Amino acid sequence: MPIGGFVISVDPDIREEIVTMLSEMEGVEVHGSDAKGNIVAVIDTETSEVMDDLVHGLQKDPQILSVGLTYLNAEDEIEKIVSGELRPEIPFGRKKKNRP
Amino acid sequence: MVMTRRDFIKKTAALSAASFVGLNLPFAKHVDQAGATDADKWVRGSCRLCGLGCRVELGLKGGKPVAIRGVAKSRTNFGYLCMKGMLFYKVMEHPDRLKMPLYRESKKDAFREISWDEALDIAAKKFADAKKEFGGDSTAYYGSGQALTEETYLFQKVMRGGLQTNNVEGNPRLCMASAVGGYLTSFGADEPIGGYSNIEKSSCIFIIGSNMAEAHPVFFRRVMRRKMDNKDTVKVINADPRVSPTSRIADMHMQFRPGTDLAMLNAMAYVIIEEKLFDKKFISDYAVFKSGKNTVDMDTYFAELGDYTPEKAAVICGGNITGDMIRKAARWFAKSNGTVSCWCMGINQRKRGVWANNLINNLHILTGQLCKPGADSFSLTGQPNACGGVREGGGLCHILPGHRLVKKEKLRNQVESAWGIPAGRIPPKPGYHTMAMFKAVNEGKIKAIWINCTSPAQSLPNVDLYRKGMAREDVFMVCTDIFPTLTTELANLILPTAFHFEKTGVYGCTERRSQITPKCCDAPGEAHAEVWIVREWAKRLARELNDPVIEQCVAPFDGLEEGYDLPKAIWDEYTQKLTKGRDSDLTGATYGVLEQMHDGVQWPAATEEYALTGGTVIKFAREYDPMAESHAKDDKPFQFYGPAHPDKKLWIWSRPYKGADEEPDAEYPFYLSTGRIIDHWHTTSMTGRIPELLRANPYSFVEVNPRDAERMGIKPGDMVELESRRGRVEMPAKVVEGPIEGMVFAYWHDMHEDRMINKVVKDAFDPGSKEPEFKICAVKVRRLSGPKRLTPYVV
Ligand code: SF4
């Protein structure tokens, strides 16, 4: 369950509109914004995949100029990977022919 | 109220983001008091991926990486990172990591695990046999702009001093060789004069051939901030055949036919002279005009620009370019208080890449937009250590460490003396450049090749042709890597290596800045740091060839522990013996200094005391660069002491417009260009294994202009075939107002045989820099079917 700290930058003229849009998205908490159009948000999702989908959606939005990350904690997920409970899902078969 | 651990982490994340924009959050004090319980140790290093060199701190818990954050005090990124930078550490624990040496005698066989002793013996014997039977030039090293400087340096030392061949190359030949050629021929010295901090002082930012919003997102953030905070006073020009996310912040997007930017840049120079926007004093103090081999005057240069009046150039350029637009761009460029040009592969990966670089540099010399805060001609680098390891450390066939040319005997002798090996040991002839090297592999002239940390079986242009050579039974191929790649699939011997933060070493990023990343985790299985591998291989090689000089190449490092002492000793030798007094002087940038810095040191930095200030922000300016002072030949404020121009002047080049090597015609009517997508990096051997990155862009697609799509009946998601004279691929279409009409743009990261675009791309290369023209070739485009379910693929 990763948690990321983000600075999302938009044109100051549409800051309020984007803050409202972000606040309504599941997993996104807006913690503040400034007059330059920087919006401080925390994204907290069930998996890194969901977080990445969310971030990609934002990056593709032409109104959003930049999505900057400052912090990411994926401890729970990594613990599960290390313990073998979670194997990173790569949804395709690898070539086995040349492997031992 | 008791805060749960999860609440605590969320608040830490919010505080981290808020601190970058100067916002105070109400719970700041509470979280500070709670202490940093999310990781028990934070270790500072660099991001492993692109050439920006963003500084990160890796959070460890029980010795395992669990969190990552940007370093707020680092001048490279001020704490910001992009998504792939945030996630790169996930590959460390990946189950696909190579953990044991793997070997097969014949490339038809399956690999079997072997011991390190056996592996190193085999590698030594095969290289020794090749040298004995066919000479040193039948062996080769092909390295990487991702290898640490210590690694590149040691590999090339053993190849040149030991095996006596200059067949030392690396993948930076594929990405920044034209920028090197441009800097050397324009300024007399490689690498940018300034750095990132010029952006915050600039008034005009000219972005050409770079989609920095996706390829260098953290740098783009700075550019975006500069523009948004100064909407009326800062102008951003984006010049590119393709409208990309970078264009979002531009005041003007100049969209031209691929390759015609040479005419456009000449036309900007024409306007600058015609309208007297040039800096007369700067030119007379510091510059000369060159046409071919001749030095000419400004009138002659201007007369040669006569074919590029803005109106004539606009006709050549096509797209949305008009004469007025070129005039406006030239005026913004010349009249601003500070202009920074930024470019990347769109300029470098070209048959005329050096010329394109020269033409950008020309604009800066003509207008004096150089050597002052806010002004620079700034080439962005794609890989984290293309500058540090390969350009500076001697990782190309024609250069020795410390920006020395192989062909100059005096410079070779300096290196031989520093290494304590006999004079004359390094051969005088430069080795094969990358395309020539793989051609020689095809022809069976190279019998043993070592490929380190890169995948030419996917990244070379016209790749199928060169895969044939790599697959030859009589070519022994060793690969050092962390994961299987399409290239390891063609190897005889695969040696597993330590990853970033599993070994210690230095990366030199785009802005001449060297930064250290220390070892803080163990590599999995029996993987070793490359420096250990080279040293142990060289000792065996010396025995096989009964050659004490090879032994001497690694003797200073014998017995040193591989995690820290060994790379430190290599760095010391390189910096203290081979950069001292050179324009890339790193004598002051010792491990001790680098470890103290939040970021690192920009060369030249001749003393530790000076290096501790961060080094030289602006080269050649006496106000900022002590070397400009010590090399001063008069009392002028700028001293261009670079090694390549004997007259110590800047050279303004007359360069005509020449089209691409392969222009569209009736049979292959479209331009094809290729590039990167945010979140994927190079051949996806790493980012393709991070599921969240792969899922976002599981395969390549091709961008088609809506008007072209309509003509061909292509709808979004339809499968489209791209065919050139060299090969064909098929991939889904994205119909988008991106590429100019008549051009398609494909992402190059995909490993799948059906979608690997480098099969289609042409292997023509720049005659000066030898960098291939990845960016332009001619293709047929055909709709195959409606949308199809595709399977993502990594080896
Ligand atoms: S911009 Fe480049 S160096 Fe910075 S975090 Fe992203 S990939 Fe890493």
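Need the failing condition index for A:Asn73 against (1) among the polar types (S, T, N, Q); (2) at the interface with chain B (Cβ under 8 Å from one of its Cβ atoms); (3) in contact with a Leu (Cβ under 7 Å, 6 or more places away or on another chain), just the number.
(3)
Quick check on my filter: what residues within the stretch B:750-784 are crowded, with 22+ Cβ neighbours inside 10 Å and of a type in the set (Asp, Glu)?
Answer for the stretch B:750-784, where residues must be crowded, with 22+ Cβ neighbours inside 10 Å and of a type in the set (Asp, Glu): B:Asp750, B:Asp766, B:Glu771, B:Glu773.
With within 14 Å of another protein chain (Cβ to nearest Cβ), aliphatic (A, V, I, L, M) and touching a Pro at 6+ places or on another chain (Cβ under 9 Å) as the only criterion, which of B:Leu148, B:Leu98 stands out?
B:Leu98
Give the stretch A:28-48 a look and list any residue that's at the interface with another protein chain (Cβ under 9 Å from one of its Cβ atoms) and surrounded by 19 or more Cβ atoms within 10 Å (Cβ to Cβ), or say none.
Matches in the stretch A:28-48: A:His31, A:Ser33, A:Gly37, A:Asn38, A:Ile39, A:Val40, A:Ala41, A:Val42, A:Ile43, A:Asp44, A:Ser48.
Tell me which residues, restricted to the stretch B:712-730, are part of a loop (DSSP other than H, G, I, E, B) and not small (Gly, Ala, Ser).
Those that are part of a loop (DSSP other than H, G, I, E, B) and not small (Gly, Ala, Ser): B:Ile714, B:Lys715, B:Pro716, B:Asp718, B:Arg725, B:Arg726.
Just checking, does the stretch B:113-133 include any residue being more than 16 Å from the ligand (Cβ to nearest atom) and at the interface with chain A (Cβ under 9 Å from one of its Cβ atoms)?
yes
Of all residues in the stretch B:356-391 being at pLDDT 95 or above and within 17 Å of the chain's Cα centre (by Cα), which is nearest to the ligand (Cβ to nearest atom)?
B:Leu380
Do we find that B:Met254 is at negative phi, within 14 Å of chain A (Cβ to nearest Cβ) and not acidic (Asp, Glu) in this structure?
Taking the combined requirement at face value, the residue does not satisfy it.
Applying the selection to the stretch B:624-645, what residues are over 18 Å from B:Arg512 (Cα atoms) and among the acidic types (Asp, Glu)?
Within the stretch B:624-645, B:Glu629, B:Asp634, B:Asp635 meet the criteria.
Going by the structure shown, is B:Leu578 within 26 Å of the chain's Cα centre (by Cα) and farther than 18 Å from B:Ala529 by Cβ?
In short, yes.
With the condition being of a type in the set (A, V, I, L, M, F, W, C) and modelled with pLDDT of 95 or more, I'd like the helices (runs of 4 or more DSSP H) fully within the stretch B:220-312 carrying at least 3 qualifying residues.
Where helices (runs of 4 or more DSSP H) fall fully within the stretch B:220-312 and carry at least 3 residues being of a type in the set (A, V, I, L, M, F, W, C) and modelled with pLDDT of 95 or more, they are B:261-274, B:298-304.
Return the pair list, or none, for Cβ contacts closer than 8 Å from residues in the stretch B:532-544 that are within 24 Å of B:Glu502 (Cβ to Cβ) to residues that are of a type outside the set (A, V, I, L, M, F, W, C) and not in a helix (DSSP H, G or I), at least 6 apart or on different chains.
As it stands, the answer is B:Trp532/B:Glu562; B:Ile533/B:Thr480; B:Ile533/B:Thr497; B:Arg535/B:Asp558; B:Lys539/B:Asp558, since those pairs meet every condition given.
Mind listing just one residue for me: the one in the stretch B:564-587 that is surrounded by fewer than 21 Cβ atoms within 10 Å (Cβ to Cβ) and small (Gly, Ala, Ser) and, of those, nearest to B:Ser46 (Cα to Cα)?
B:Ala569
Identify, please: which residue in the stretch B:69-78 is of a type outside the set (Val, Ile, Thr) and more than 10 Å from chain A (Cβ to nearest Cβ) and is, among those, nearest to the ligand (Cβ to nearest atom)?
B:Ser74
Within the stretch A:1-14, how many residues are buried (at least 19 other Cβ atoms within 10 Å of the Cβ) and outside any loop (DSSP other than H, G, I, E, B)?
8
State which residue is nearest to the other protein chains (Cβ to nearest Cβ) when the search covers only the stretch B:198-243 and only residues that are of a type in the set (Ser, Thr, Tyr) and away from the ligand (no atom under 16 Å from the Cβ).
Result: B:Thr233.
Which of (1) crowded, with 20+ Cβ neighbours inside 10 Å; (2) farther than 28 Å from B:His433 by Cβ is the odd one out, the single condition B:Met159 does not satisfy?
B:Met159 satisfies all of (1) crowded, with 20+ Cβ neighbours inside 10 Å; (2) farther than 28 Å from B:His433 by Cβ except (2).
Consider the stretch B:621-678. How many of its residues are touching a strand residue (DSSP E or B) at 6+ places or on another chain (Cβ under 6 Å), surrounded by 20 or more Cβ atoms within 10 Å (Cβ to Cβ) and either closer than 30 Å to B:Pro258 by Cα or acidic (Asp, Glu) (or both)?
The qualifying residues number 12.
For the stretch A:27-81, how many residues meet the condition of being among the acidic types (Asp, Glu) and at pLDDT 85 or above?
So the answer is 4.
Could you list all residues from the stretch B:17-68 that are away from the ligand (no atom under 12 Å from the Cβ), within 26 Å of A:Asp34 (Cβ to Cβ) and at pLDDT 85 or above?
B:Glu57
When the residues of the stretch B:79-103 are filtered to those that are among the hydrophobic types (A, V, I, L, M, F, W, C) and within 11 Å of the ligand (Cβ to nearest atom), which remaining residue is surrounded by the fewest Cβ atoms within 10 Å (Cβ to Cβ)?
B:Phe88
Within the stretch B:603-618, track down each residue that is in contact with a helix residue (DSSP H, G or I) (Cβ under 9 Å, 6 or more places away or on another chain) and either closer than 19 Å to B:Ile193 by Cα or assigned by TED's automatic domain parsing to the domain that holds B:Tyr564 (or both).
Within the stretch B:603-618, B:Trp603, B:Pro604, B:Ala605, B:Ala606, B:Tyr610, B:Ala611, B:Thr616, B:Val617, B:Ile618 meet the criteria.
So which residues in the stretch B:48-57 are within 11 Å of chain A (Cβ to nearest Cβ) and either in contact (Cβ under 8 Å) with a residue 40 or more places away in the chain or surrounded by fewer than 24 Cβ atoms within 10 Å (Cβ to Cβ) (or both), if there are any at all?
Matches in the stretch B:48-57: B:Cys54, B:Glu57.
If a residue must be within 16 Å of the ligand (Cβ to nearest atom), of a type in the set (Gly, Ala, Ser) and closer than 23 Å to B:Val720 by Cβ, how many such residues does the stretch B:640-689 contain?
2
Condition first: in contact (Cβ under 8 Å) with a residue 40 or more places away in the chain, in contact with a helix residue (DSSP H, G or I) (Cβ under 7 Å, 6 or more places away or on another chain) and over 30 Å from B:Glu737 (Cα atoms). Now tell me which residues in the stretch B:293-322 satisfy that.
The answer is B:Leu305, and nothing else.
The values are calculated or read from the model by the stated rules, or taken from the named source; none is laboratory data. Treat the numbers as computed from the prediction; the structure is a model and nothing was measured. All Cβ positions, glycine included, derive from the backbone under ideal geometry; neighbour counts span all protein chains shown.
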